[in-house]
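Laboratory data are not the source of any read-out in this text; all were calculated from the coordinates shown. Everything quoted here is computed from the prediction, not taken from an experiment. Note that each Cβ is placed from the backbone with ideal geometry, even for glycine, and that neighbours are counted across all protein chains shown.
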Protein chains: 2
Amino acid sequence: MAEAFDLDGRLEADSHFIADGPLSQLRLIDDMRFPWLVLVPRLPGASEWLDLDGGAQRLLLAEINQAGQLLRASGACDKLNIGALGNIVRQLHVHVVARLEGDAAWPGPVWGAGTMQRFGTAAREARLAQLREKLQSLTP
Amino acid sequence: MAEAFDLDGRLEADSHFIADGPLSQLRLIDDMRFPWLVLVPRLPGASEWLDLDGGAQRLLLAEINQAGQLLRASGACDKLNIGALGNIVRQLHVHVVARLEGDAAWPGPVWGAGTMQRFGTAAREARLAQLREKLQSLTP
C-alpha cells in the first residue's frame, strides 16, 4: 500500500494551498511582508532534493521556473530567492521568494527574519485568487 | 566578440577555487564554521536561475547534485541546504551547504549568520585537496 502524502503541520499552518502541479503542491506563505511561494512535492518521506530521482528533480525544476514566473507576473521583483533548507521542517519543500530592495529582510534571507505578518482573511483570499488567475495564464 | 566570464570580486575574496564543472566553477566558501560550497556558472551576465536556458539549468542541477554528494562524502551532514539568493552579489551563484544540528547558525540559514571564520593557509589547502580528491572519486 502506498504511503499517503501528509503535509507537515507547520507548513500547513504557515501557508495556504494555491494549486497542484505535476509533482508538488504550490502554496502561499502566510506572510504579507514578502511575495513568497513554497513547493511541496507530494512524495511521502522526501527530505533532500538530492535523493529525488532524475524525473522528480526535472519536474520540480519546471515547477520552480513556473513559480518564479508567477511571482514576476504578479508584482515587482528585484531578485528571486530560491532555497531548499529544511532545518526545521524536514519534509522537502522549496521556497521561491520575490525580493524587493529595502524589503523587511533586505539584503538578508527571509528565513528566520523577524516575525510573520499574516494576511487577514479577505486579503489572503484576494491574493490566492490573483495567484490562481495568473497561474492559469502561464500554463501552456 | 563573446563577453568574458569575470568572477565577482566579493565571491573571489570569500571563496576558493576547487574545480571547473561543465557549466560552473565549484568553489569553497572561506568559512570554517560550515562545509559550504558555491557553484558559479561561467555565463557572463547571468543573475537569475530562471533566465538560464533549459540546457544550462540541467547542467547546473547535475552540478548541485554532485556538490551535495561531495559534501556527504567529505564529512557529517544532517541536512543539505541549497540556495540561490543573490541579493548582495548579483552574479548567479548557488550555495550548497552541509548543516549539522547545533552548528553556528542552526537551525537558521547560514547567509548573514555571524562572522566568517576564515581558514588559515594550511587548513585551507588541506581542505581543498581533500575536496578535490573526493570529487575525483565521484566523477563517473
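Looking only at GluC sites (Glu not before Pro) in DSSP loops with at most 10 other Cβ atoms within 10 Å, what is the longest site-free stretch of chain B? Longest site-free region, per DSSP loop and neighbour criteria: B:4-100. The local environment of B:G86, defined by Cβ-Cβ distances under 11 Å, has a net charge of 0 under the rule Lys, Arg +1 and Asp, Glu -1. Couplings for region B:92-107, taken from phi via the Karplus curve 6.51 cos²θ - 1.76 cosθ + 1.60 with θ = phi - 60°, read 4, 8, 10, 8, 10, 10, 8, 9, 10, 4, x, 5, 4, 10, 4, x Hz in order; Gly and Pro are left as x. Coupling constants for region B:39-46 follow from the phi torsions by the Karplus curve (6.51 cos²θ - 1.76 cosθ + 1.60, θ = phi - 60°), and in residue order they are 9, 10, x, 7, 10, x, x, 5 Hz; glycine and proline get x. Remark on A:I18: its backbone amide H falls under 5 Å from those of A:L26, A:R27, A:L28, a criterion applied only to residues 5 or more positions apart or on other chains, H modelled at 1.01 Å from N. Counts of other chain beta carbons within 10 angstrom of each beta carbon in peptide A:95-106 average 1. Averaged over the residues of A:46-54, the number of partner chain Cβ atoms lying within 10 Å of the residue Cβ comes to 4. Summing charges over all other residues whose Cβ lies under 15 Å from the Cβ of B:L59, with Lys and Arg as +1 and Asp and Glu as -1, gives -1.
Using Cβ counts within 10 Å as a stand-in for footprinting exposure, how do B:D30, B:D6 rank, fewest first?
Fewest-to-most Cβ neighbours within 10 Å comes out as B:D6, B:D30.
Taking amide hydrogens as placed 1.01 Å from N in the peptide plane, the amide H of A:R118 sits under 5 Å from those of A:M32, each at least 5 positions away in sequence or on another chain. Relative to the dominant Cα principal axis of chain B, helix B:121-138 is inclined by about 70°. By the scheme Lys and Arg +1, Asp and Glu -1, what is the net charge of all other residues having a beta-carbon under 12 Å from that of A:Q25? Once all neighbours under 12 Å are counted, the net charge is -3. The share of C-alpha pairs in the protein assembly as shown whose separation exceeds 29 Å stands at 32 percent.
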